[in-house]
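Right, one structure below, let's go through it.
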Amino acid sequence: MKKLSLFMVAIMCALSMCLVGCGGGRDENTIRLNEVAHSIFYAPLYVAINQGYFEDEGLKVELTLGNGSDQVMTALLTDAADIGLIGPEACVYVAAQGRNDLPTVFGQLTKRDGSFLFSKNSTFSWSELAGKEILAGRIGGMPEMTLEYVLRQKGYALNGDVNLNTQVSFANQGPSFAAGTGDYTTLFEPTATQMQLNGQGYVVASIGAEAGEVPYTCFAASKSYLTHNKDKAKAFLRAVMRGYDFLVAKLAIGDTTAVFNALAPSFDNYSEEAIYKSMESYNSIDSWNETPVMTESAYNRLIDIMKGAGQLSVDVPMNKIIDNTIANELLSEMY
């Protein structure tokens, strides 16, 4: 439980530095959304924003960057955000501590790890990792835990045969690797593709493809928020689903211009080539959940990965943090 406690210490430290928002005077049609990272991995969300799908639902989304599930959880617990785009492991950690009014997952967005293994060399085999240093992200975060899971599947005991550097934050892994730290790193898109185009290394493997299906990133809110804003939460998910449907349709016909135009406002520092190649990478590994509903088998896989990484030693039932009610109602209305 030591590592679990470290996660909660990070939450409590952040809480101590935050003022709890009272919510007074806010526009009732505005949703304050705090995202765990800014990545093309979450493309359906950005398409919904840029294509006006939230506006069609009468909603305005105020998007802020949390830079880590622990920070997004802090935003939810302090009422600094209405909805968090977050790794569901953060909700599991908080539930394991016995809190009331738990942040509840009401919609799933991604179903694979969005990380790609990035190397200084273009050739690669998993057997080459022995004795190497990999920038792995924060202990207890999904990128680090899923990487551990894949390495164990590849036969590594993780007792020193691979050096997982967990001291560099996920947001800083790209710059740190480019500056010479580590033999490998894990990166989200479009950072990975842009760094390869810049001649700073090579994408050599997909962690998500190797790990298989797992509920990786979801939308969560407090139970009280969902109770009082059920229709708003449903409209939010409807807009995101429209974003997903748009992308699937355009990618199926290779409409690069439409995909780029729908994402470019959210990634103005990246080239059209980087954006489209990133989308192809995520589409090729079936990254996004077809519906916002999380299955029990997927949830159980998440718990297995957390326990395998030594981050969870208690059982947290799915119905304690996952509520598919809104997502199921939305599906019945749409189809």
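Nothing in this text is a laboratory measurement; each read-out follows from the coordinates by a stated rule. Worth saying up front: this structure is predicted, and the values here are computed from it rather than measured. In this analysis, Cβ positions are derived from the backbone assuming ideal geometry, glycine residues included, and neighbour counts consider all displayed protein chains.
Brief remarks on what is shown
- Which of Tyr282, Tyr335 has the fewest Cβ neighbours within 10 Å, and the rest in rising order: Tyr335, Tyr282
- For the range 206-221, putting each phi into the Karplus relation 6.51 cos²θ - 1.76 cosθ + 1.60 with θ = phi - 60° gives couplings of 9, 5, x, 5, 6, 7, x, 6, 8, x, 9, 9, 9, 9, 10, 8 Hz, in residue order, rounded to whole numbers and with x for Gly and Pro.
- Note on the range 116-211: with charges restricted to the Cβ of Lys and Arg (+1) and Asp and Glu (-1), its dipole about the Cα centre is near 40 debye.
- Ranking of Leu197, Leu187 by count of other Cβ atoms within 10 Å, fewest first: Leu197, Leu187
- Cβ-derived FRET efficiency at R0 25 Å, Glu290 paired with Asn172, nearest 0.05: 0.15
- Each peptide in 81-91, 236-246 was scored by the mean count of other Cβ atoms within 10 Å over its residues; highest first, the order is 81-91, 236-246.
- The lysine pair tally for the range 204-330, using Cα distances under 27 Å and a gap of 8 or more places or different chains, is 10.
- Share, in percent, of DSSP beta bridges within the chain that are antiparallel, nearest 5: 55
- Look at the dipole of the chain built from charges on Cβ: of Val162, Ser284, Tyr46, the Cα furthest out on the positive end belongs to Val162.
- Amide H contacts of Ser222 (H built 1.01 Å from N, under 5 Å, at least 5 apart or other chain): Thr104
- Span-like helix ranges in the chain, DSSP H, alpha carbon extent 20 angstrom or more, Kyte mean at least -1.0: 2-16, 230-252
- Contact order normalised by residue count of the range 116-211, Cα under 8 Å, 6+ apart, percent: 47
- Normalising the Debye intensity of the chain to I(0), with uniform scatterers on Cα atoms only, and taking log10 at q = 0.15 Å⁻¹ returns -1.31.
- Rounded, prolate or oblate (a/c below 1.5 giving rounded, otherwise prolate when a/b exceeds b/c) for the range 177-335 by Cα gyration tensor: oblate
- Straightening the chain between Lys223 and Glu329 buys 36.5 nm, computed as 0.36 nm per residue apart minus the Cα-Cα spacing.
- Working from label points 7 Å from Cα in the Cα-to-Cβ sense, the Leu158 to Ala264 distance is 4.2 nm.
- Residues Trp288, Trp126 arranged by fewest to most Cβ contacts within 10 Å: Trp126, Trp288
- Calculated from backbone phi, Karplus (6.51, -1.76, 1.60) coupling profile of the range 128-138 in Hz, x at Gly/Pro: 7, 7, 4, x, 8, 9, 10, 6, 10, x, 5
- Whole-number D in µm²/s for the range 116-211 (Stokes-Einstein; Kirkwood sum over Cα pairs; 20 °C, 1.002 mPa s): 163
- By definition, a body whose alpha carbon gyration tensor gives a ≥ b ≥ c is prolate when a/c is 1.5 or more and a/b is larger than b/c, and the range 82-241 fits this prolate description.
- Placing pseudo-labels 7 Å out from each Cα toward the beta carbon at Glu55 and Lys132 gives an inter-label distance of 4.6 nm.
- Each Lys and Arg contributes +1 and each Asp and Glu -1, all at the Cβ; summed about the Cα centre of the chain, the dipole is approximately 680 debye.
- For the residues Thr185, Thr123, Thr295, a GNM of the chain with alpha-carbon springs under 10 Å puts the largest fluctuation on Thr123.
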